[in-house]
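Right, I'll just put the structure down here and ask away after.
The values are calculated or read from the model by the stated rules, or taken from the named source; none is laboratory data. All values reported here derive from a predicted model rather than from experimental measurement. Every residue, glycine among them, receives a Cβ derived from its backbone with ideal geometry; neighbour counts consider all protein chains shown.
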Amino acid sequence: MSIIVENLCKSFGAHVVLESISAIFPSRSISVLLGASGCGKTTTLRCIAGLETPSSGRIRLGDRIVYESQPRRSVPVEKRQVSMVFQSYAIWPHMTVFQNISLPLRAARRPRQEIARRVSDALEMVGLAGLGDRSATQLSGGQQQRVALARCIVSEAEFILMDEPLSNLDARLRIAMRSEIRELQRRLGRTILFVTHDQEEAMSIADTIFLFRAGRILQSGPPELVYQQPQTRYAAEFLGRANIIAEFEWCGEGSGHAVRLGGTTIFHVTTDAGFVPGRLMCIRPEKWRISAPPHDPSSLEGKIRSIGYMGDRCEYVIDTQIGAISAVELGGHNRRIGESVALSVAPTDIIFVASD
Amino acid sequence: MRGQAQRFGASFVANSGLTLIWGFIAILIAAPLAAILYHAFVQGQPGSIRLTTDHITQVLSGAIYWNALRNTLVVAGGAAILAGGLGATFAWIFVRTNTPLRSVLERASEMPIFIPPFVGAVAWVLLLAPRIGLLNRLLLRAGIAWQFDISTLTGMLCVIGIYLAPYVMLIVAAALRGMDPSLEEAAQVCGLGIVAASIKVTFPLLAPAFTSGLVLAFTIAIGLFGTPIVLGWSHQILLLTSRIWISSQAVPPDYGVMAVLCFYLIGIASIAAALQRRALAGRSYTTITGRGFRSHLLELGAWRWLTFTAAALYLIMTVLAPVVVLLLAAMSTYTWSGVVLLRNLWNNLASEDVWLTMRTSLIISVLSATLATLAGTGIAWIVVRGRVWFRSFIEQFVLLPIAVPGIAFGVGVMLVWVGIPLPVYGTMLIIIFAFIGRFTAYAVRSISASLVQVHPELEESARIFGLGPLRAFLRITLPLILPSIVAGWLLLFSFFITELSIVILLYTASTRTFSVLSFEVWNVGDFSRLASLSLLQLVIGLLIASGIRIFLRPGIVQEPT
């Protein structure tokens, strides 16, 4: 069952947080709401949860309308049947782990045996079997995170909302939890909305990314699509690093599609690269092929200005006639600063993005 | 449809709650303050109401009022300076030096806060008053003609000052504990010695806390009623609060003069608060981070016995000597007869008067503390969690009475109800109204302080997982803030059970409280009985202090009246 929001608006006083968001968050998959802080992603999530009242619009959870401005209708939080993982985990400190996880079932007045069984199942699923009697305050950050997940698991809610759930964990644990959440989603088959500002996290966890900017959804789609075919400069730069090249000459029609850089270099491009006058050229750093200079018009010549050695890869800044270019090469630890190199790129790796 | 019905229900509850709070503010807080204003500037005969400067002229041209103002400033100012000096010194001794038993001494030094100021005054009269003071009698017996006299401006400011010192001590000690020692270490690394580092870094960083403590002590001191009366009456050293009381005893009571004198008190308190704000403007570098730092203790060597003695001496003067002298006086058949009988203490307490007034005090205190705590919880919730635009307005209004000395607030409440034909004036209700209006602020402060510690997501997540708003509050937020609610209740109860300065204006023969009884017994000069009653108040105060300590571990600041 999918979550559908239509023309969702929200302002706090004169400050507009959401200007008309419309989206379908697909059923039984992970939708990631990605964006910089203050872009409205958390507000959208809180509106869906019922913790925030929208100014106008409509929110549908599956086949139920839970919020509508005309005619006015708003289902209270506790009746929306969603579950949520909060940024602070929101583990109740005066309760044990068992009491924390069982609260959704106790609120629904389930029989005692069923509660005990389902809580212990959930504990096992998140790897905390046997810790039910612990006081919640004795848990580490990672364990609290798991308790918060277990609480969602026992709740029968079809929809799980996650508000920056991993941002308080250390880097190593954060990466481990990403795959655990994906695994959990596969086993439970629920609809998950996941809010984050971390693009790497978004891409590794999402089935669909919804990129937010200033209260709007800028672009949405599967991670690889949003990464490889960003429609705007902002999207290109938010989802990873990008060389944005403004000064190029479009040589269409005649000799196929190509661009001319700095008067000499000619890169061929695919027909559907999306060029429209006024657009910018965008090449991801890892798409460059770096070689020794062959004095060839299909490559861009330059000198390495700096090298960042990252172990599995090297990151270069290369001075060329069209300015500084960033490039990434796997391995590649044998290059020197000042070395002359030639940069070339496959026609499919050149995309054109709107300048915002 | 069901959703709409629920919405209506919820908004009905929310609206009636807000109406209740506005009514609360209007009747219990705004009206008394407005009544003072009205009676100070308006000549109100039935049928003709006109602005007047008569009352102000009367007060400004009366030497006795100038004298009271001068006495108030001297006593309160001197007491605040003494309290500041003692408090800051002891804070430093307890937090920063290796004085023996410093943590025990520190906790014991908070005790004077819970000794009703009236009781402390009685004890010091019994110790140092000319002729009847125990020490003076010992001096006489030893053949020394010179006598102590506690009934002087100096005597008054000393007694008040030593009992206010713990307030400054608590605030400065908290600031010292919260101060990052690396700030001082950085100064030392830069080449300053310990003394230079203290002057250049530590003192400026502590200045905000010290100033707050000083202003708090001063504000408490100007509002004290029982202490200055007990200490100063015999030589007719009268303060503004004493003058207000005297005017209230006139027949008919001189409401105009009382109102103007209340204005003086409120004005002085406001000026002190404004000066504090001015002095601290732009210096909001709070050193209190909430996490405790372990700072280096200063090794005092042999000097540590000096600091130990100073702290011990302080405790003897504020706690031990008063308790001993009260016990002795309470068990003496008449003042210093030399016959000491436990039965005498019992006889003093086992009178019908004691139990009747104690019952009245208990009823008033329990009701007021409960209502004020309930109101305080609701207001704190709105202030911290509410989403209404006027919540800071509510907060300002509810906290306003903190700057109004108790006796002035009592005058305001009296002026509101004296002319209203409802069964409030002359009943327990008027005392309860005054208590709630004046003291709810303390409940709001202590409860909202603990409410901000509770992350809103804790309650939100309970809502998400299926609890309604009320159940979420009762199951999640309430249990988490309960200790501070209970501590707040005890704090208010401890104010109310010994409160004198408000009650003295509002009681009638049928609503005498225990503190009024003590005051009357002082008035007739039955010192043995007075000591017994004081002892009882002292025991109650210390019992409550230990109760509060159980519920709220860090020291809390309380204000006597």
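Out of all the residues in region A:178-209, which are part of a loop (DSSP other than H, G, I, E, B) and under 14 Å from the mean Cα position of the chain (by Cα)?
So in region A:178-209, the residues part of a loop (DSSP other than H, G, I, E, B) come out as A:189-190, A:197-198, A:206-207.
Correct list: A:His197, A:Asp198, A:Ala206, A:Asp207.
For B:Val411, only one of the following conditions fails: (1) more than 14 Å from every other protein chain (Cβ to nearest Cβ); (2) surrounded by fewer than 23 Cβ atoms within 10 Å (Cβ to Cβ). What is its number?
Checking B:Val411 against (1) more than 14 Å from every other protein chain (Cβ to nearest Cβ); (2) surrounded by fewer than 23 Cβ atoms within 10 Å (Cβ to Cβ), the one that fails is (2).
Let me ask you something else. When only residues in region A:272-317 that are closer than 13 Å to A:Leu330 by Cα and charged (D, E, K, R) count, which is surrounded by the fewest Cβ atoms within 10 Å (Cβ to Cβ)?
Of everything passing the filter in region A:272-317, A:Asp312 is surrounded by the fewest Cβ atoms within 10 Å (Cβ to Cβ).
Among the candidates B:Gly466, B:Gly525, B:Gly541, which residue alone is without any contact (Cβ under 8 Å) to a residue 40 or more places away in the chain and either surrounded by fewer than 17 Cβ atoms within 10 Å (Cβ to Cβ) or more than 14 Å from chain A (Cβ to nearest Cβ) (or both)? Before the answer, list the steps.
Working: B:Gly466 fails: either surrounded by fewer than 17 Cβ atoms within 10 Å (Cβ to Cβ) or more than 14 Å from chain A (Cβ to nearest Cβ) (or both); B:Gly541 fails: without any contact (Cβ under 8 Å) to a residue 40 or more places away in the chain.
Selected residue: B:Gly525, the only one of B:Gly466, B:Gly525, B:Gly541 that is without any contact (Cβ under 8 Å) to a residue 40 or more places away in the chain and either surrounded by fewer than 17 Cβ atoms within 10 Å (Cβ to Cβ) or more than 14 Å from chain A (Cβ to nearest Cβ) (or both).
Do you know which residues across region B:101-128 are assigned to a loop (DSSP other than H, G, I, E, B) and closer than 18 Å to B:Leu535 by Cβ? Reasoning before the result, please.
The initial filter retains those residues of region B:101-128 that are assigned to a loop (DSSP other than H, G, I, E, B), namely B:101, B:110, B:115-116.
Within region B:101-128, B:Ile115, B:Pro116 qualify.
Quick one: in region A:95-113, which of the residues that are in contact with a helix residue (DSSP H, G or I) (Cβ under 7 Å, 6 or more places away or on another chain) and without any contact (Cβ under 8 Å) to a residue 40 or more places away in the chain is nearest to the other protein chains (Cβ to nearest Cβ)?
A:Arg106
Sort out which residues of region B:371-423 are assigned to a helix (DSSP H, G or I) and basic (Lys, Arg), and write them in order of number. Before you say what the answer is, go through the steps one by one.
Narrowing region B:371-423 to residues assigned to a helix (DSSP H, G or I): B:371-385, B:391-403, B:406-417.
The answer is B:Arg385, B:Arg391.
Consider only pairs whose beta carbons are under 7 Å apart and that are at least six residues apart or on different chains; among these, list those whose first residue lies in region A:153-175 and is over 16 Å from A:Glu200 (Cα atoms) and more than 13 Å from chain B (Cβ to nearest Cβ) and whose second residue is small (Gly, Ala, Ser) and in a loop (DSSP other than H, G, I, E, B).
Qualifying pairs under 7 Å: A:Glu158/A:Gly62.
Can you tell me how many residues in region B:186-225 are of a type outside the set (Gly, Ala, Ser) and without any contact (Cβ under 8 Å) to a residue 12 or more places away in the chain?
Within region B:186-225, the first condition is being of a type outside the set (Gly, Ala, Ser), and the residues that meet it are B:188-190, B:192, B:194-195, B:199-206, B:208, B:210-211, B:214-216, B:218-220, B:222, B:224-225.
Adding the requirement that they be without any contact (Cβ under 8 Å) to a residue 12 or more places away in the chain leaves B:188-190, B:192, B:195, B:199, B:203-204.
Adding up the residues that qualify gives 8.
Looking at A:Asp207, A:Asp121, which is the one that is out of contact with any Phe, Trp or Tyr (no Cβ under 9 Å at 6 or more places or on another chain), at pLDDT below 95 and not β-branched (Val, Ile, Thr)? Step through it out loud before you land on a result.
On the way: A:Asp207 fails: at pLDDT below 95.
The conditions single out A:Asp121.
Which one of these is within 18 Å of A:Met125 (Cβ to Cβ), in contact with a helix residue (DSSP H, G or I) (Cβ under 9 Å, 6 or more places away or on another chain) and assigned to a helix (DSSP H, G or I): A:Arg146, A:Arg174?
On the way: A:Arg174 fails: within 18 Å of A:Met125 (Cβ to Cβ).
From the options A:Arg146, A:Arg174, the qualifying one is A:Arg146.
Can you give me the number of residues within region A:334-354 that are exposed (fewer than 12 other Cβ atoms within 10 Å of the Cβ) and not hydrophobic (A, V, I, L, M, F, W, C)? Don't jump to the end; show me each part of the working.
Restricting attention to region A:334-354, the residues satisfying the condition of being exposed (fewer than 12 other Cβ atoms within 10 Å of the Cβ) are A:334, A:336-338, A:340.
With not hydrophobic (A, V, I, L, M, F, W, C) added as a condition, the list becomes A:334, A:336, A:338, A:340.
Looking only at that region, the number is 4.
On to the next question. Within region B:488-496, does at least one residue satisfy the condition of being closer than 30 Å to A:Arg106 by Cβ, buried (at least 20 other Cβ atoms within 10 Å of the Cβ) and not small (Gly, Ala, Ser)?
Residues of region B:488-496 closer than 30 Å to A:Arg106 by Cβ: B:488-489.
Then drop every residue that is not buried (at least 20 other Cβ atoms within 10 Å of the Cβ), which leaves B:488-489.
Adding the requirement that they be not small (Gly, Ala, Ser) leaves B:489.
Looking for residues that are closer than 30 Å to A:Arg106 by Cβ, buried (at least 20 other Cβ atoms within 10 Å of the Cβ) and not small (Gly, Ala, Ser), one finds at least one in region B:488-496, hence yes.
Same structure, new question: Restricting to region A:41-66, what's the tally of residues that are at positive phi and within 14 Å of chain B (Cβ to nearest Cβ)? Walk me through it before giving the result.
Taking region A:41-66 as the starting set, the residues that turn out to be at positive phi are A:50, A:57, A:62.
Those still in the list that are within 14 Å of chain B (Cβ to nearest Cβ) too: A:50.
So the count comes out to 1.
Please go through region B:226-259 and give me each residue that is closer than 12 Å to B:Val59 by Cα and without any contact (Cβ under 8 Å) to a residue 12 or more places away in the chain, ordered by number.
Within region B:226-259, just B:Asp254 meets the criteria.
Return the residue satisfying two criteria in turn: it lies in region A:67-84 and is facing chain B (nearest Cβ under 9 Å), part of a strand (DSSP E or B) and under 26 Å from the mean Cα position of the chain (by Cα), and of such residues it is nearest to A:Met1 (Cα to Cα). Talk me through it step by step, then tell me what you get.
Of the residues in region A:67-84, the ones facing chain B (nearest Cβ under 9 Å) are A:72-84.
In the following step, the residues that additionally are part of a strand (DSSP E or B) were identified as A:73-74, A:82-84.
Among the residues that remain, those that are also under 26 Å from the mean Cα position of the chain (by Cα) are: A:82-84.
Working: A:Val82: 12, A:Ser83: 15, A:Met84: 17 Å.
Only one residue fits best here, namely A:Val82.
Something else about it: List pairs: first in region B:397-421 and within 14 Å of B:Ile27 (Cβ to Cβ), second crowded, with 24+ Cβ neighbours inside 10 Å and charged (D, E, K, R), Cβ under 7 Å, 6+ apart or cross-chain?
B:Pro401/B:Arg438; B:Phe409/B:Arg438
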